[in-house]
Amino acid sequence: MKHIKFLALLAIALLILPACKDKESYADLLKDENQAVNAYLAGFPVIGSIPADSVFISTQEIMETQGLSREEAELLTPFYRMDEDGYVYMQVVNPGLTDVKAEENQLIYFRFTRYNLKAWYEYDTWNPSGNATDLGTNTTSFRYKNTTLQSTTQWGEGIQVPLEFLTLGCEVNIIIKSYMGPEDEITNVYPYLYKVRYFESKV
(Lines give C-alpha, C1' and ligand atoms only; values in the text may rest on other atoms or scores of the structure.)
Protein backbone atom coordinates (compact mmCIF):
# COMPACT_ATOMS: atom_id res chain seq x y z
CA MET A 1 0.00 0.00 0.00
CA LYS A 2 2.74 2.47 0.98
CA HIS A 3 4.80 1.47 -2.07
CA ILE A 4 1.86 2.17 -4.37
CA LYS A 5 1.20 5.46 -2.61
CA PHE A 6 4.85 6.47 -2.99
CA LEU A 7 4.75 5.78 -6.73
CA ALA A 8 1.55 7.80 -7.04
CA LEU A 9 3.17 10.72 -5.23
CA LEU A 10 6.24 10.47 -7.44
CA ALA A 11 4.03 10.62 -10.53
CA ILE A 12 2.22 13.67 -9.11
CA ALA A 13 5.52 15.36 -8.37
CA LEU A 14 6.74 14.79 -11.93
CA LEU A 15 3.53 16.29 -13.29
CA ILE A 16 3.75 19.28 -10.99
CA LEU A 17 7.41 20.12 -11.52
CA PRO A 18 7.15 21.42 -15.12
CA ALA A 19 4.35 23.76 -14.08
CA CYS A 20 6.26 25.04 -11.08
CA LYS A 21 9.06 27.00 -12.70
CA ASP A 22 7.62 30.25 -11.41
CA LYS A 23 6.14 28.63 -8.32
CA GLU A 24 7.40 26.45 -5.52
CA SER A 25 8.58 22.99 -6.50
CA TYR A 26 7.14 19.91 -4.83
CA ALA A 27 10.33 19.64 -2.77
CA ASP A 28 9.84 23.24 -1.63
CA LEU A 29 6.25 22.47 -0.64
CA LEU A 30 7.43 19.53 1.44
CA LYS A 31 10.02 21.77 3.09
CA ASP A 32 7.32 24.33 3.88
CA GLU A 33 5.17 21.57 5.34
CA ASN A 34 7.98 20.42 7.64
CA GLN A 35 8.69 23.97 8.78
CA ALA A 36 5.04 24.53 9.68
CA VAL A 37 4.84 21.30 11.66
CA ASN A 38 8.12 21.94 13.46
CA ALA A 39 7.03 25.47 14.36
CA TYR A 40 3.82 24.17 15.91
CA LEU A 41 5.56 21.37 17.78
CA ALA A 42 8.04 23.88 19.24
CA GLY A 43 5.33 24.89 21.70
CA PHE A 44 5.07 21.39 23.22
CA PRO A 45 7.21 18.57 24.60
CA VAL A 46 8.00 16.12 21.80
CA ILE A 47 8.90 12.47 22.26
CA GLY A 48 10.53 10.89 19.22
CA SER A 49 9.12 7.40 19.57
CA ILE A 50 6.14 5.38 20.75
CA PRO A 51 6.40 4.24 24.41
CA ALA A 52 7.60 0.65 24.68
CA ASP A 53 4.58 -0.21 26.82
CA SER A 54 2.24 1.89 24.64
CA VAL A 55 1.23 3.88 27.71
CA PHE A 56 1.06 7.53 26.71
CA ILE A 57 1.11 10.57 28.98
CA SER A 58 -2.30 12.18 28.55
CA THR A 59 -3.82 15.58 29.15
CA GLN A 60 -6.41 13.90 31.38
CA GLU A 61 -3.65 12.45 33.57
CA ILE A 62 -1.86 15.81 33.89
CA MET A 63 -5.12 17.57 34.78
CA GLU A 64 -5.84 15.03 37.52
CA THR A 65 -2.34 14.85 39.01
CA GLN A 66 -1.43 18.54 38.80
CA GLY A 67 -4.82 20.18 39.19
CA LEU A 68 -4.49 22.13 35.95
CA SER A 69 -7.11 23.29 33.47
CA ARG A 70 -7.35 21.43 30.19
CA GLU A 71 -5.72 24.30 28.33
CA GLU A 72 -2.78 24.39 30.76
CA ALA A 73 -2.42 20.61 30.75
CA GLU A 74 -2.39 20.36 26.95
CA LEU A 75 0.67 22.60 26.82
CA LEU A 76 2.48 20.05 29.00
CA THR A 77 1.22 16.97 27.17
CA PRO A 78 3.82 15.57 24.78
CA PHE A 79 3.34 14.92 21.10
CA TYR A 80 4.68 11.48 20.16
CA ARG A 81 6.21 10.79 16.76
CA MET A 82 4.21 7.82 15.54
CA ASP A 83 6.31 6.71 12.56
CA GLU A 84 9.94 6.78 11.47
CA ASP A 85 9.36 9.46 8.85
CA GLY A 86 7.50 11.83 11.14
CA TYR A 87 4.32 11.92 9.06
CA VAL A 88 2.11 11.61 12.17
CA TYR A 89 2.46 13.09 15.66
CA MET A 90 -0.06 12.27 18.37
CA GLN A 91 -0.96 14.02 21.61
CA VAL A 92 -3.30 11.99 23.82
CA VAL A 93 -6.03 14.04 25.48
CA ASN A 94 -7.97 11.08 26.87
CA PRO A 95 -6.74 7.50 26.29
CA GLY A 96 -10.27 6.06 26.17
CA LEU A 97 -13.41 5.56 28.18
CA THR A 98 -13.56 1.78 27.73
CA ASP A 99 -11.25 -1.22 27.40
CA VAL A 100 -12.54 -1.96 23.90
CA LYS A 101 -10.00 -1.84 21.07
CA ALA A 102 -11.00 -1.38 17.45
CA GLU A 103 -11.08 -4.56 15.38
CA GLU A 104 -10.16 -4.91 11.72
CA ASN A 105 -12.99 -3.79 9.39
CA GLN A 106 -15.00 -2.43 12.32
CA LEU A 107 -17.08 0.64 11.54
CA ILE A 108 -15.65 3.55 13.51
CA TYR A 109 -17.35 6.92 13.78
CA PHE A 110 -15.36 10.04 14.54
CA ARG A 111 -15.90 13.74 15.04
CA PHE A 112 -13.12 16.18 14.35
CA THR A 113 -12.01 19.75 14.09
CA ARG A 114 -8.95 20.43 11.99
CA TYR A 115 -6.61 23.36 11.42
CA ASN A 116 -4.33 24.01 8.47
CA LEU A 117 -0.87 24.37 10.02
CA LYS A 118 0.65 25.86 6.87
CA ALA A 119 -1.91 28.67 6.91
CA TRP A 120 -1.22 29.18 10.62
CA TYR A 121 2.55 29.29 10.05
CA GLU A 122 2.56 31.54 6.99
CA TYR A 123 -0.46 33.79 7.55
CA ASP A 124 -1.24 33.45 11.26
CA THR A 125 -4.74 32.21 10.45
CA TRP A 126 -6.43 29.63 12.66
CA ASN A 127 -9.67 28.67 10.93
CA PRO A 128 -11.29 25.45 12.13
CA SER A 129 -13.23 23.08 9.92
CA GLY A 130 -14.93 19.78 10.67
CA ASN A 131 -17.96 18.40 12.45
CA ALA A 132 -16.95 18.27 16.12
CA THR A 133 -18.94 21.24 17.39
CA ASP A 134 -22.04 21.02 15.20
CA LEU A 135 -24.16 18.11 16.38
CA GLY A 136 -26.52 18.78 13.51
CA THR A 137 -23.96 17.45 11.05
CA ASN A 138 -23.37 13.75 10.48
CA THR A 139 -20.49 11.97 12.10
CA THR A 140 -17.81 10.75 9.70
CA SER A 141 -16.69 7.14 9.62
CA PHE A 142 -14.25 4.60 8.26
CA ARG A 143 -13.73 0.84 8.35
CA TYR A 144 -10.70 0.25 10.54
CA LYS A 145 -7.70 -1.02 8.53
CA ASN A 146 -9.84 -1.60 5.45
CA THR A 147 -7.80 -0.37 2.49
CA THR A 148 -10.30 -1.33 -0.20
CA LEU A 149 -13.25 0.97 0.52
CA GLN A 150 -13.10 4.50 -0.88
CA SER A 151 -15.22 5.66 2.07
CA THR A 152 -12.28 4.66 4.28
CA THR A 153 -9.26 5.49 2.13
CA GLN A 154 -10.59 8.99 1.41
CA TRP A 155 -9.54 9.99 4.94
CA GLY A 156 -5.98 8.75 4.56
CA GLU A 157 -4.03 6.45 6.84
CA GLY A 158 -3.09 8.98 9.51
CA ILE A 159 -6.56 9.33 11.00
CA GLN A 160 -6.54 5.64 11.98
CA VAL A 161 -3.16 5.61 13.73
CA PRO A 162 -4.43 6.39 17.28
CA LEU A 163 -6.65 3.29 17.28
CA GLU A 164 -3.60 1.05 16.97
CA PHE A 165 -2.72 2.02 20.54
CA LEU A 166 -5.77 3.51 22.25
CA THR A 167 -9.26 2.24 23.03
CA LEU A 168 -12.55 3.38 21.59
CA GLY A 169 -13.80 6.58 23.17
CA CYS A 170 -10.32 8.08 23.05
CA GLU A 171 -9.67 11.71 22.22
CA VAL A 172 -6.46 12.93 20.60
CA ASN A 173 -4.81 15.87 18.93
CA ILE A 174 -2.98 14.52 15.92
CA ILE A 175 -0.76 16.21 13.35
CA ILE A 176 -1.04 14.55 9.96
CA LYS A 177 1.25 15.52 7.09
CA SER A 178 -0.11 15.40 3.56
CA TYR A 179 1.39 11.99 2.74
CA MET A 180 -0.83 10.35 5.36
CA GLY A 181 -3.78 12.71 4.96
CA PRO A 182 -6.95 12.62 2.82
CA GLU A 183 -6.15 11.19 -0.59
CA ASP A 184 -7.74 14.06 -2.53
CA GLU A 185 -5.59 16.61 -0.67
CA ILE A 186 -2.14 15.06 -1.09
CA THR A 187 -1.09 17.40 -3.89
CA ASN A 188 -1.85 20.46 -1.74
CA VAL A 189 0.91 19.43 0.69
CA TYR A 190 -0.93 20.87 3.68
CA PRO A 191 -0.28 19.52 7.18
CA TYR A 192 -3.28 19.53 9.49
CA LEU A 193 -3.80 19.43 13.21
CA TYR A 194 -6.84 17.25 13.93
CA LYS A 195 -8.69 17.25 17.23
CA VAL A 196 -10.51 13.92 17.08
CA ARG A 197 -12.86 11.76 19.13
CA TYR A 198 -13.57 8.15 18.09
CA PHE A 199 -16.80 6.25 18.72
CA GLU A 200 -17.87 2.64 18.38
CA SER A 201 -20.76 1.95 16.02
CA LYS A 202 -23.85 0.77 17.92
CA VAL A 203 -25.39 -0.84 14.84
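Could you rank Thr187, Thr152 by how accessible they are, 1.4 Å probe, largest area first? Intermediate values should be presented prior to the final figure.
Working: Thr187 65, Thr152 0 Å².
Ranked list, largest accessible area first: Thr187, Thr152.
Heads up, I need the accessible area for Ile57: 1.4 angstrom probe, whole protein in place, Å², nearest 10.
Its heavy atoms expose roughly 70 Å² to the probe.
Per DSSP helix of 4 or more residues, -39500 (n - 2.57); summed, then divided by the residues of the chain. What does that give at 222 nm, rounded to the nearest 500?
Taken over the chain, the calculation gives -8000 deg cm²/dmol.
So for the chain, taking the charge dipole from beta-carbon charges (+1 Lys/Arg, -1 Asp/Glu), which of Ile108, Tyr121, Gly86 sits furthest toward the positive end?
Most positive-ward Cα: Ile108.
Residue by residue through the range 59-72, what is 3J(HN,Hα) from phi via Karplus (6.51 cos²θ - 1.76 cosθ + 1.60, θ = phi - 60°)? Round to whole Hz and write x for glycine and proline.
My calculation for the range 59-72 gives 4, 4, 5, 5, 4, 6, 7, 10, x, 9, 6, 4, 4, 5 Hz in order.
Roughly what angle does helix 26-41 make with the longest principal axis of the chain, taking Cα atoms, 0 to 90 degrees, to the nearest 10?
30
Rounded to a whole number, what % of the accessible area of the range 67-203 do carbon and sulfur atoms account for, probe 1.4 Å?
On the way: 3120 of 6740 Å².
Roughly 46 percent of what the probe reaches on the range 67-203 is carbon or sulfur.
Could you state the accessible area per residue of the chain in Å², with a 1.4 Å probe and every protein chain left in place?
Counting only protein heavy atoms, the per-residue value for the chain is 55 Å².
In percent, how large is the relative contact order of the chain, given Cα pairs closer than 8 Å and 6 or more residues apart?
Normalised by residue count, the contact order of the chain is 22 percent.
Go through Phe165, Phe199 and list them by solvent-accessible area, largest first, probe radius 1.4 Å.
Phe199, Phe165
Can you give me the relative contact order of the range 88-203 as a percent, contacts being Cα pairs under 8 Å and 6 or more apart?
Taking the mean separation of contacting Cα pairs over the length of the range 88-203, I get 39 percent.
Mind grabbing the base-10 log of I(q)/I(0) for the range 71-142 at q = 0.23 Å⁻¹? Debye formula, identical points on the C-alpha positions, no solvent, two decimal places.
-1.40
Compute the helix-to-body angle for 2-16: its Cα long axis versus the longest principal axis of the chain, expressed 0 to 90° and rounded to tens.
Result, in degrees: 40.
For the range 14-110, which trypsin sites (Lys or Arg not before Pro) pass both filters: DSSP loop (anything but H, G, I, E, B) and at most 13 other C-beta atoms within 10 Å?
Sparse-neighbourhood loop trypsin sites (Lys or Arg not before Pro): Lys21, Lys23.
The values are calculated or read from the model by the stated rules, or taken from the named source; none is laboratory data. Since we're looking at a predicted model, the values are computed, not measured. Here Cβ is always computed from backbone atoms with ideal geometry, including for glycine, and neighbour counts include all displayed protein chains. For accessibility, only protein heavy atoms count, side chains too; no ligands or nucleic acids. Shrake-Rupley method; radii C 1.70, N 1.55, O 1.52, S 1.80 Å.
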